[in-house]
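Visitor: Structure incoming, see below.
Each reported figure results from applying straightforward, stated rules to the coordinates on display, with no laboratory input. Everything quoted here is computed from the prediction, not taken from an experiment. When we count neighbours, we look across all protein chains shown, and the Cβ atoms used for this are built from the backbone with ideal geometry, even at glycine.
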Amino acid sequence: MGMTNLTLAKGQMWTPSVSGKLTVRGVSGKGWATIEGDSRDFVLDKAHKFSFPAQAGLVVQAVEDMEFCFETE
């Protein structure tokens, strides 16, 4: 599957409903990602890309208006 782009307004959240490993990359703006039960936060901007395991309980929130893309394996 190719990359899918999403846009979030400041404060908006997105929780994926996909199965498989998920890779998330910032395109513009800034946001953060976190996984339920994990104390770490991951900054999403155009300089960062992260991969998360399947069914990780991922949440992405925009700190400012942002665009990011994701793909599943």
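Visitor: Which members of the range 39-73 meet the condition of being within 13 Å of L6 (Cβ to Cβ) and not in a strand (DSSP E or B)?
Guide: Across the range 39-73, the qualifying residue is only D65.
Visitor: Can I ask one more? With respect to the numbered conditions (1) without any contact (Cβ under 8 Å) to a residue 12 or more places away in the chain; (2) surrounded by 12 or more Cβ atoms within 10 Å (Cβ to Cβ), which one is the sole condition not fulfilled by S17?
Guide: S17 satisfies all of (1) without any contact (Cβ under 8 Å) to a residue 12 or more places away in the chain; (2) surrounded by 12 or more Cβ atoms within 10 Å (Cβ to Cβ) except (2).
Visitor: Restricting the search to the range 9-38, which residues are in a loop (DSSP other than H, G, I, E, B), farther than 14 Å from C69 by Cα and polar (S, T, N, Q)?
Guide: If the condition is that a residue be in a loop (DSSP other than H, G, I, E, B), farther than 14 Å from C69 by Cα and polar (S, T, N, Q), then Q12, S17, S19 are the ones that fit.
Visitor: List the number of the failed condition for N5; all other conditions in (1) free of Cβ contacts under 8 Å to residues at least 40 places away in the same chain; (2) assigned to a strand (DSSP E or B); (3) loosely packed, with under 13 Cβ neighbours inside 10 Å hold.
Guide: Every condition holds for N5 apart from (1).
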